[in-house]
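Take a look at the structure below.
The values are calculated or read from the model by the stated rules, or taken from the named source; none is laboratory data. Small disclaimer: the values here were computed from a predicted structure and weren't measured. Cβ: placed from backbone, ideal geometry, glycine included. Neighbour counts: every protein chain shown. Accessible surface is based on the protein model in full, side chains and every heavy atom, while ligands, DNA and RNA are left aside. Shrake-Rupley method; radii C 1.70, N 1.55, O 1.52, S 1.80 Å.
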Amino acid sequence: MSKIAVLGAGSWGTALAMVLADNHHDVRMWARREDQVMEINEKHTNVKYLPDVDLPHNITAYTNIEPALKESEAILLVVPTKSMRTVMQAVKPYLKDGVPIIHASKGIEPSSSKRVSEVIAEELPAGFSNSIVVLSGPSHAEEVSKRQPTTVTVSSLDMNAAEQTQDLFMNQSFRVYTNADLIGVELGGALKNIIALCAGLTDGLGFGDNAKAALMTRGLAEITRLGIKLGANPLTFSGLSGLGDLIVTCTSVHSRNWRAGNMLGKGKSIDDVLDQMGMVVEGIRTTEAAYLLAQKVDVDMPITSALYEVLFNNKKPDDAVEELMGRVKKHEGEDFSGLLPNQNKEH
Ligand SMILES: NC(=O)C1=CN([C@@H]2O[C@H](COP(=O)(O)OP(=O)(O)OC[C@H]3O[C@@H](n4cnc5c(N)ncnc54)[C@H](OP(=O)(O)O)[C@@H]3O)[C@@H](O)[C@H]2O)C=CC1
Ligand SMILES: O=C(CO)COP(=O)(O)O
(Lines give C-alpha, C1' and ligand atoms only; values in the text may rest on other atoms or scores of the structure.)
(Ligands and ions follow the chains in the order given, each with its own letter.)
Protein backbone atom coordinates (compact mmCIF):
# COMPACT_ATOMS: atom_id res chain seq x y z
CA MET A 1 0.00 0.00 0.00
CA SER A 2 1.33 3.46 -0.94
CA LYS A 3 0.25 7.00 -0.07
CA ILE A 4 -0.73 8.58 -3.36
CA ALA A 5 -1.68 12.20 -3.98
CA VAL A 6 -4.23 12.78 -6.75
CA LEU A 7 -4.31 16.44 -7.79
CA GLY A 8 -7.48 17.25 -9.70
CA ALA A 9 -10.92 15.89 -8.78
CA GLY A 10 -12.68 16.03 -12.13
CA SER A 11 -13.94 12.97 -13.95
CA TRP A 12 -10.55 11.50 -14.82
CA GLY A 13 -8.85 12.31 -11.50
CA THR A 14 -11.75 10.67 -9.65
CA ALA A 15 -11.83 7.56 -11.86
CA LEU A 16 -8.07 7.06 -11.51
CA ALA A 17 -8.31 7.64 -7.75
CA MET A 18 -10.87 4.80 -7.71
CA VAL A 19 -8.44 2.46 -9.52
CA LEU A 20 -5.74 3.29 -6.96
CA ALA A 21 -8.18 2.88 -4.07
CA ASP A 22 -9.31 -0.50 -5.46
CA ASN A 23 -5.63 -1.46 -5.33
CA HIS A 24 -5.71 -0.65 -1.58
CA HIS A 25 -3.60 2.50 -1.74
CA ASP A 26 -4.14 5.40 0.65
CA VAL A 27 -5.51 7.96 -1.83
CA ARG A 28 -5.45 11.67 -0.98
CA MET A 29 -7.25 13.85 -3.49
CA TRP A 30 -6.80 17.58 -3.77
CA ALA A 31 -9.77 19.60 -5.02
CA ARG A 32 -10.16 23.35 -4.94
CA ARG A 33 -13.82 23.58 -3.86
CA GLU A 34 -14.80 23.02 -0.21
CA ASP A 35 -18.28 21.71 -1.13
CA GLN A 36 -16.76 19.06 -3.36
CA VAL A 37 -14.26 17.98 -0.70
CA MET A 38 -17.09 17.62 1.85
CA GLU A 39 -19.12 15.60 -0.65
CA ILE A 40 -16.22 13.21 -1.36
CA ASN A 41 -15.40 12.74 2.34
CA GLU A 42 -18.92 12.55 3.73
CA LYS A 43 -21.10 11.13 0.95
CA HIS A 44 -18.33 9.32 -0.97
CA THR A 45 -19.64 10.68 -4.26
CA ASN A 46 -18.56 13.25 -6.87
CA VAL A 47 -21.87 13.79 -8.66
CA LYS A 48 -20.85 16.74 -10.83
CA TYR A 49 -18.23 14.66 -12.61
CA LEU A 50 -19.28 11.02 -12.08
CA PRO A 51 -22.98 10.75 -11.24
CA ASP A 52 -24.21 7.33 -10.05
CA VAL A 53 -20.79 6.26 -8.77
CA ASP A 54 -19.90 5.40 -5.16
CA LEU A 55 -16.33 6.17 -4.23
CA PRO A 56 -14.24 3.76 -2.15
CA HIS A 57 -13.82 4.95 1.45
CA ASN A 58 -10.01 4.94 1.24
CA ILE A 59 -10.18 8.14 -0.84
CA THR A 60 -9.87 11.26 1.30
CA ALA A 61 -10.14 14.74 -0.19
CA TYR A 62 -8.53 18.03 0.91
CA THR A 63 -8.77 21.63 -0.25
CA ASN A 64 -5.32 22.26 1.18
CA ILE A 65 -2.62 20.74 -1.00
CA GLU A 66 -0.20 20.03 1.87
CA PRO A 67 -1.96 17.05 3.51
CA ALA A 68 -2.58 15.57 0.07
CA LEU A 69 1.11 15.71 -0.81
CA LYS A 70 2.76 15.12 2.58
CA GLU A 71 4.69 11.83 2.64
CA SER A 72 3.21 10.85 -0.75
CA GLU A 73 4.98 8.00 -2.49
CA ALA A 74 3.55 8.93 -5.89
CA ILE A 75 1.89 12.07 -7.24
CA LEU A 76 -0.82 11.93 -9.92
CA LEU A 77 -1.62 15.17 -11.74
CA VAL A 78 -4.99 15.24 -13.53
CA VAL A 79 -5.82 18.88 -14.14
CA PRO A 80 -6.48 20.47 -17.53
CA THR A 81 -3.27 21.18 -19.48
CA LYS A 82 -3.77 24.92 -19.14
CA SER A 83 -3.61 24.68 -15.33
CA MET A 84 -0.60 22.35 -15.15
CA ARG A 85 2.08 25.04 -14.64
CA THR A 86 0.20 26.73 -11.78
CA VAL A 87 -0.48 23.41 -10.08
CA MET A 88 3.17 22.35 -10.43
CA GLN A 89 4.25 25.53 -8.67
CA ALA A 90 2.13 24.49 -5.69
CA VAL A 91 3.57 20.95 -5.80
CA LYS A 92 7.23 21.97 -6.00
CA PRO A 93 7.91 22.48 -2.26
CA TYR A 94 6.79 18.90 -1.50
CA LEU A 95 8.82 17.00 -4.10
CA LYS A 96 11.09 14.18 -3.03
CA ASP A 97 13.65 12.15 -4.96
CA GLY A 98 12.34 8.87 -6.33
CA VAL A 99 8.65 9.81 -6.10
CA PRO A 100 7.05 9.32 -9.54
CA ILE A 101 5.25 12.41 -10.85
CA ILE A 102 2.55 10.88 -13.03
CA HIS A 103 0.32 12.94 -15.30
CA ALA A 104 -2.79 11.79 -17.13
CA SER A 105 -3.65 15.01 -18.98
CA LYS A 106 -3.98 15.13 -22.75
CA GLY A 107 -3.00 18.41 -24.30
CA ILE A 108 -0.33 20.69 -25.71
CA GLU A 109 0.31 24.15 -24.28
CA PRO A 110 -0.50 26.72 -27.00
CA SER A 111 1.84 29.47 -25.73
CA SER A 112 4.90 27.18 -25.81
CA SER A 113 3.82 24.26 -28.08
CA LYS A 114 5.10 21.99 -25.30
CA ARG A 115 3.87 18.57 -24.26
CA VAL A 116 2.59 18.22 -20.69
CA SER A 117 5.73 16.40 -19.48
CA GLU A 118 7.85 19.25 -20.88
CA VAL A 119 5.68 21.79 -19.05
CA ILE A 120 6.04 19.81 -15.81
CA ALA A 121 9.82 19.45 -16.29
CA GLU A 122 10.18 23.21 -16.73
CA GLU A 123 8.50 23.78 -13.38
CA LEU A 124 10.62 21.18 -11.56
CA PRO A 125 14.06 21.61 -10.01
CA ALA A 126 16.87 20.15 -12.19
CA GLY A 127 17.22 16.37 -11.94
CA PHE A 128 13.53 15.51 -11.57
CA SER A 129 12.72 14.99 -15.28
CA ASN A 130 13.25 11.23 -15.08
CA SER A 131 10.53 11.00 -12.41
CA ILE A 132 7.84 12.21 -14.83
CA VAL A 133 5.49 9.52 -16.16
CA VAL A 134 2.57 9.87 -18.56
CA LEU A 135 -0.49 7.62 -18.38
CA SER A 136 -2.54 7.64 -21.59
CA GLY A 137 -4.78 5.44 -23.71
CA PRO A 138 -8.42 4.69 -24.57
CA SER A 139 -10.04 5.26 -21.21
CA HIS A 140 -13.22 7.18 -20.62
CA ALA A 141 -13.65 7.98 -16.92
CA GLU A 142 -17.30 6.91 -17.02
CA GLU A 143 -16.34 3.33 -17.92
CA VAL A 144 -13.24 3.12 -15.69
CA SER A 145 -15.37 4.24 -12.72
CA LYS A 146 -17.69 1.28 -13.45
CA ARG A 147 -14.68 -1.04 -13.50
CA GLN A 148 -15.23 -1.95 -17.13
CA PRO A 149 -12.19 -3.48 -18.89
CA THR A 150 -9.73 -0.74 -19.88
CA THR A 151 -6.17 -0.70 -21.20
CA VAL A 152 -3.68 2.17 -21.00
CA THR A 153 0.01 2.84 -21.59
CA VAL A 154 2.55 4.46 -19.27
CA SER A 155 5.76 6.04 -20.49
CA SER A 156 8.70 7.89 -19.00
CA LEU A 157 12.32 8.77 -19.74
CA ASP A 158 13.05 6.33 -16.91
CA MET A 159 11.44 2.95 -17.51
CA ASN A 160 11.80 2.12 -13.79
CA ALA A 161 9.41 4.98 -13.02
CA ALA A 162 7.04 3.71 -15.75
CA GLU A 163 7.12 0.17 -14.33
CA GLN A 164 6.55 1.48 -10.79
CA THR A 165 3.48 3.31 -12.14
CA GLN A 166 2.31 0.19 -13.97
CA ASP A 167 2.39 -1.70 -10.65
CA LEU A 168 0.44 1.02 -8.82
CA PHE A 169 -2.47 1.03 -11.27
CA MET A 170 -2.63 -2.46 -12.76
CA ASN A 171 -5.60 -4.60 -11.73
CA GLN A 172 -8.16 -7.03 -13.14
CA SER A 173 -10.17 -4.34 -14.93
CA PHE A 174 -7.38 -1.81 -15.59
CA ARG A 175 -4.52 -3.26 -17.64
CA VAL A 176 -1.40 -1.12 -17.95
CA TYR A 177 1.29 -1.49 -20.63
CA THR A 178 4.65 0.29 -20.75
CA ASN A 179 6.10 2.08 -23.77
CA ALA A 180 9.49 3.82 -23.90
CA ASP A 181 8.34 6.45 -26.44
CA LEU A 182 7.35 9.36 -24.19
CA ILE A 183 7.01 11.79 -27.11
CA GLY A 184 4.75 9.47 -29.13
CA VAL A 185 2.56 8.48 -26.17
CA GLU A 186 1.95 12.10 -25.17
CA LEU A 187 1.39 13.36 -28.72
CA GLY A 188 -1.06 10.58 -29.58
CA GLY A 189 -3.20 11.35 -26.51
CA ALA A 190 -3.21 15.09 -27.11
CA LEU A 191 -3.68 15.19 -30.89
CA LYS A 192 -6.51 12.65 -31.11
CA ASN A 193 -8.71 15.25 -29.39
CA ILE A 194 -8.49 17.41 -32.52
CA ILE A 195 -9.73 14.56 -34.69
CA ALA A 196 -12.48 13.71 -32.16
CA LEU A 197 -13.76 17.31 -32.37
CA CYS A 198 -13.82 16.92 -36.17
CA ALA A 199 -15.61 13.55 -35.94
CA GLY A 200 -18.28 15.11 -33.72
CA LEU A 201 -18.53 18.04 -36.07
CA THR A 202 -19.09 15.91 -39.19
CA ASP A 203 -21.65 13.81 -37.29
CA GLY A 204 -23.35 17.08 -36.29
CA LEU A 205 -23.36 18.21 -39.92
CA GLY A 206 -25.18 14.99 -40.81
CA PHE A 207 -22.34 13.19 -42.58
CA GLY A 208 -21.99 9.46 -42.12
CA ASP A 209 -19.55 6.76 -41.16
CA ASN A 210 -17.49 7.16 -44.34
CA ALA A 211 -16.60 10.70 -43.33
CA LYS A 212 -15.74 9.58 -39.80
CA ALA A 213 -13.53 6.74 -41.04
CA ALA A 214 -11.80 9.16 -43.40
CA LEU A 215 -11.15 11.62 -40.59
CA MET A 216 -9.81 8.95 -38.28
CA THR A 217 -7.50 7.46 -40.90
CA ARG A 218 -6.20 10.67 -42.42
CA GLY A 219 -6.15 12.22 -38.95
CA LEU A 220 -3.86 9.45 -37.78
CA ALA A 221 -1.69 10.08 -40.85
CA GLU A 222 -1.17 13.73 -39.93
CA ILE A 223 -0.67 12.94 -36.24
CA THR A 224 2.01 10.43 -37.24
CA ARG A 225 3.60 12.92 -39.65
CA LEU A 226 3.96 15.53 -36.90
CA GLY A 227 5.06 12.89 -34.41
CA ILE A 228 7.88 11.64 -36.64
CA LYS A 229 9.11 15.21 -37.12
CA LEU A 230 9.14 15.71 -33.34
CA GLY A 231 11.07 12.49 -32.66
CA ALA A 232 8.30 9.97 -31.90
CA ASN A 233 8.41 6.33 -32.96
CA PRO A 234 5.73 5.99 -35.71
CA LEU A 235 4.71 2.57 -34.38
CA THR A 236 3.50 4.18 -31.15
CA PHE A 237 0.65 5.75 -33.13
CA SER A 238 -0.80 2.33 -33.91
CA GLY A 239 -0.85 1.47 -30.22
CA LEU A 240 -3.22 2.21 -27.34
CA SER A 241 -2.21 5.84 -26.92
CA GLY A 242 -2.53 6.45 -30.68
CA LEU A 243 -5.07 4.49 -32.71
CA GLY A 244 -6.70 3.07 -29.56
CA ASP A 245 -7.48 6.46 -28.10
CA LEU A 246 -8.42 7.87 -31.49
CA ILE A 247 -11.06 5.14 -31.91
CA VAL A 248 -12.57 5.58 -28.46
CA THR A 249 -12.67 9.36 -28.61
CA CYS A 250 -14.08 9.61 -32.14
CA THR A 251 -16.79 7.01 -31.61
CA SER A 252 -17.95 7.35 -28.00
CA VAL A 253 -20.72 9.57 -26.71
CA HIS A 254 -18.67 9.86 -23.51
CA SER A 255 -16.07 11.97 -25.31
CA ARG A 256 -16.31 15.64 -24.41
CA ASN A 257 -14.35 16.48 -27.55
CA TRP A 258 -16.76 14.52 -29.77
CA ARG A 259 -19.76 16.07 -27.99
CA ALA A 260 -18.38 19.60 -28.34
CA GLY A 261 -17.70 19.01 -32.06
CA ASN A 262 -21.19 17.62 -32.49
CA MET A 263 -22.78 20.75 -31.01
CA LEU A 264 -20.59 22.95 -33.24
CA GLY A 265 -21.70 20.90 -36.27
CA LYS A 266 -25.32 21.50 -35.27
CA GLY A 267 -24.71 25.24 -35.38
CA LYS A 268 -23.94 26.20 -31.76
CA SER A 269 -21.25 28.83 -31.10
CA ILE A 270 -18.05 27.82 -29.40
CA ASP A 271 -18.96 29.90 -26.29
CA ASP A 272 -22.35 28.19 -25.99
CA VAL A 273 -20.71 24.79 -26.40
CA LEU A 274 -18.17 25.45 -23.63
CA ASP A 275 -20.88 26.81 -21.30
CA GLN A 276 -22.98 23.72 -21.86
CA MET A 277 -20.11 21.24 -21.39
CA GLY A 278 -18.95 22.48 -17.95
CA MET A 279 -15.94 20.15 -18.34
CA VAL A 280 -12.62 20.55 -20.04
CA VAL A 281 -12.57 20.17 -23.84
CA GLU A 282 -8.81 19.88 -24.38
CA GLY A 283 -9.03 19.62 -28.18
CA ILE A 284 -9.87 23.31 -28.64
CA ARG A 285 -6.60 24.69 -27.24
CA THR A 286 -4.68 21.72 -28.62
CA THR A 287 -5.93 22.57 -32.12
CA GLU A 288 -4.35 26.01 -31.74
CA ALA A 289 -1.16 24.52 -30.29
CA ALA A 290 -0.84 21.86 -33.02
CA TYR A 291 -1.62 24.37 -35.76
CA LEU A 292 1.19 26.65 -34.54
CA LEU A 293 3.56 23.73 -33.97
CA ALA A 294 2.92 22.29 -37.46
CA GLN A 295 3.74 25.67 -38.99
CA LYS A 296 6.89 25.96 -36.87
CA VAL A 297 8.25 22.56 -37.90
CA ASP A 298 6.80 22.73 -41.44
CA VAL A 299 4.49 19.72 -41.32
CA ASP A 300 1.29 19.56 -43.39
CA MET A 301 -1.76 19.02 -41.13
CA PRO A 302 -4.79 19.77 -43.33
CA ILE A 303 -7.47 18.48 -40.92
CA THR A 304 -5.97 20.37 -37.98
CA SER A 305 -5.67 23.52 -40.10
CA ALA A 306 -9.28 23.20 -41.26
CA LEU A 307 -10.51 22.87 -37.67
CA TYR A 308 -8.34 25.81 -36.62
CA GLU A 309 -10.06 27.97 -39.27
CA VAL A 310 -13.49 26.84 -38.04
CA LEU A 311 -12.71 27.40 -34.35
CA PHE A 312 -10.68 30.58 -34.52
CA ASN A 313 -11.44 32.29 -37.86
CA ASN A 314 -15.19 31.70 -38.18
CA LYS A 315 -14.89 29.48 -41.25
CA LYS A 316 -18.14 27.61 -41.92
CA PRO A 317 -17.70 23.85 -41.26
CA ASP A 318 -19.29 23.04 -44.65
CA ASP A 319 -16.73 25.22 -46.43
CA ALA A 320 -13.90 23.55 -44.50
CA VAL A 321 -15.15 20.11 -45.59
CA GLU A 322 -15.41 21.28 -49.23
CA GLU A 323 -11.84 22.58 -49.15
CA LEU A 324 -10.50 19.38 -47.57
CA MET A 325 -12.22 17.25 -50.23
CA GLY A 326 -10.98 19.53 -53.02
CA ARG A 327 -7.28 19.32 -52.17
CA VAL A 328 -4.81 18.27 -54.89
CA LYS A 329 -4.63 14.54 -55.56
CA LYS A 330 -2.16 12.50 -53.51
CA HIS A 331 -0.70 9.05 -52.98
CA GLU A 332 -2.00 7.60 -49.72
CA GLY A 333 1.46 6.61 -48.50
CA GLU A 334 3.12 9.84 -49.60
CA ASP A 335 3.84 10.98 -46.08
CA PHE A 336 5.59 7.78 -45.20
CA SER A 337 7.52 7.11 -48.40
CA GLY A 338 10.79 7.14 -46.45
CA LEU A 339 9.42 4.53 -44.04
CA LEU A 340 7.84 2.24 -46.65
CA PRO A 341 10.66 1.23 -49.00
CA ASN A 342 8.47 -0.75 -51.44
CA GLN A 343 5.91 1.97 -52.12
CA ASN A 344 6.20 3.64 -55.50
CA LYS A 345 4.34 6.90 -55.97
CA GLU A 346 4.21 6.43 -59.77
CA HIS A 347 1.88 3.40 -59.51
N1 LIG B 1 -12.49 12.42 -18.57
C2 LIG B 1 -11.85 11.43 -19.16
O3 LIG B 1 -12.45 10.37 -19.44
C4 LIG B 1 -10.40 11.56 -19.47
C5 LIG B 1 -9.72 12.75 -19.33
N6 LIG B 1 -8.39 12.82 -19.62
C7 LIG B 1 -7.63 14.06 -19.45
O8 LIG B 1 -7.55 14.39 -18.07
C9 LIG B 1 -7.43 15.80 -17.90
C10 LIG B 1 -8.48 16.27 -16.91
O11 LIG B 1 -9.71 15.96 -17.51
P12 LIG B 1 -11.04 15.67 -16.70
O13 LIG B 1 -10.80 15.14 -15.36
O14 LIG B 1 -11.89 14.89 -17.61
O15 LIG B 1 -11.60 17.16 -16.62
P16 LIG B 1 -12.86 17.69 -15.81
O17 LIG B 1 -13.34 18.88 -16.55
O18 LIG B 1 -13.79 16.57 -15.55
O19 LIG B 1 -12.23 18.14 -14.41
C20 LIG B 1 -11.17 19.06 -14.35
C21 LIG B 1 -10.68 19.09 -12.92
O22 LIG B 1 -9.55 19.96 -12.84
C23 LIG B 1 -9.83 20.93 -11.83
N24 LIG B 1 -9.12 22.17 -12.17
C25 LIG B 1 -9.30 22.94 -13.24
N26 LIG B 1 -8.45 23.98 -13.20
C27 LIG B 1 -7.74 23.84 -12.06
C28 LIG B 1 -6.73 24.61 -11.43
N29 LIG B 1 -6.26 25.72 -11.99
N30 LIG B 1 -6.26 24.18 -10.26
C31 LIG B 1 -6.73 23.07 -9.71
N32 LIG B 1 -7.68 22.29 -10.22
C33 LIG B 1 -8.17 22.69 -11.41
C34 LIG B 1 -11.33 21.08 -11.83
O35 LIG B 1 -11.75 21.69 -10.63
P36 LIG B 1 -13.21 22.40 -10.49
O37 LIG B 1 -14.21 21.30 -10.44
O38 LIG B 1 -13.09 23.13 -9.21
O39 LIG B 1 -13.38 23.28 -11.68
C40 LIG B 1 -11.72 19.62 -11.94
O41 LIG B 1 -11.55 18.96 -10.71
C42 LIG B 1 -7.59 16.40 -19.30
O43 LIG B 1 -6.34 16.70 -19.82
C44 LIG B 1 -8.26 15.28 -20.11
O45 LIG B 1 -7.91 15.33 -21.49
C46 LIG B 1 -7.69 11.72 -20.03
C47 LIG B 1 -8.32 10.51 -20.17
C48 LIG B 1 -9.72 10.33 -19.90
O1 LIG C 1 -9.15 10.87 -23.59
C2 LIG C 1 -10.24 10.42 -23.38
C3 LIG C 1 -10.55 8.98 -23.47
O4 LIG C 1 -9.40 8.20 -23.65
C5 LIG C 1 -11.34 11.33 -23.00
O6 LIG C 1 -11.65 12.10 -24.09
P7 LIG C 1 -12.57 13.39 -23.92
O8 LIG C 1 -11.73 14.43 -23.21
O9 LIG C 1 -12.91 13.79 -25.31
O10 LIG C 1 -13.76 12.99 -23.12
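Quick rundown of the values:
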{"read-out": "Inter-label distance, nm, simple model (7 Å from Cα along the C-beta direction), ARG32/HIS44", "value": "2.9 nm"}
{"read-out": "Rounded if a/c under 1.5, otherwise prolate or oblate - region 118-168, Cα gyration tensor axes", "value": "prolate"}
{"read-out": "Within the accessible area of region 83-194 (1.4 Å probe), percent carbon and sulfur", "value": "47 percent"}
{"read-out": "Charge dipole of the chain about the Cα centre (unit charges at C-beta), most positive-ward option of HIS57, LEU246, PRO110", "value": "PRO110"}
{"read-out": "Phi-based couplings in Hz for region 84-99 (Karplus 6.51, -1.76, 1.60; Gly and Pro marked x)", "value": "4, 4, 4, 5, 4, 5, 6, 7, 2, x, 9, 6, 10, 3, x, 8"}
{"read-out": "Count of Lys pairs (Cα-Cα under 15 Å; at least 8 positions apart or interchain) in region 3-180", "value": "7"}
{"read-out": "Cα centre as origin, Lys/Arg/Asp/Glu Cβ charges: region 213-347 dipole, Debye", "value": "140 debye"}
{"read-out": "Gyration tensor verdict on the chain (Cα atoms; rounded if a/c is under 1.5, prolate if a/b is larger than b/c, oblate otherwise)", "value": "prolate"}
{"read-out": "Packing-based ranking, highest mean first, of 84-95, 260-271 given that Cβ atoms within 10 Å are counted", "value": "260-271, 84-95"}
{"read-out": "Distance (nanometres) between label positions extended 7 Å along Cα→Cβ at GLN276 and LYS296", "value": "3.4 nm"}
{"read-out": "For TRP30, residues with placed amide H under 5 Å, excluding near neighbours", "value": "VAL6, LEU7, GLY8, TYR62"}
{"read-out": "Charge dipole of the chain about the Cα centre (unit charges at C-beta), most positive-ward option of THR202, SER2, GLN148", "value": "THR202"}
{"read-out": "Electrostatic dipole magnitude of the chain [Cβ: Lys, Arg +1; Asp, Glu -1; Cα centre; debye, to 20]", "value": "220 debye"}
{"read-out": "Within the accessible area of region 2-55 (1.4 Å probe), percent carbon and sulfur", "value": "49 percent"}
{"read-out": "1.4 Å probe accessible area per residue over the chain, in Å²", "value": "45 Å²"}
